Amino acid sequence: MTTKKIVLAPQDTIELFEATAREFFRDVLDQNFNECLVTDESHLSDWSSCGMSDYLADKTASLEELYAAWDIWMLAELKARFELDYSTTAVPFVQLFRDIEVFKARRIQ
């Protein structure tokens, strides 16, 4: 019998953005960052449906329709909160958190 080994992606870079990640997960995704596995290869789209208010989700919609609604909602949230104009939610968290920190630094200046 062959032993299979599970290897997680590194978390070195995501750890550099821990404060931003905690805030984003709490305020936008309505999640506790400590209860999530986020690696350097995790993408925002991995969290489809998190954080979206129930009133925005049609209970009769298909899974594809709910994901599409989440994408529309999330892209609008990113634009409104951080002036980020992404065309997709398939953005790596490392890039997203870096972009959020750049946005915050510009606001301070």
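Worth pointing out:
- Checked against (1) more than 22 Å from ILE14 (Cα to Cα); (2) modelled with pLDDT of 95 or more; (3) of a type outside the set (A, V, I, L, M), ARG107 meets all criteria but (2).
- Set side by side, the residues ASP54, ASP58, ASP46 differ, and just one is within 14 Å of the chain's Cα centre (by Cα) and surrounded by fewer than 17 Cβ atoms within 10 Å (Cβ to Cβ), which is ASP46.
- Of all residue pairs spaced 6 or more apart or on separate chains, those with beta-carbon atoms under 7 Å, a first member in the range 13-24 that is closer than 9 Å to ILE100 by Cβ and polar (S, T, N, Q) and a second member that is surrounded by 15 or more Cβ atoms within 10 Å (Cβ to Cβ) and modelled with pLDDT of 95 or more are THR20/PHE97; THR20/ILE100; THR20/GLU101.
The values are calculated or read from the model by the stated rules, or taken from the named source; none is laboratory data. This structure is a prediction, so every number in the text was calculated from the model and none was measured. Virtual Cβ from ideal backbone geometry, glycine too; neighbours counted across all protein chains shown.
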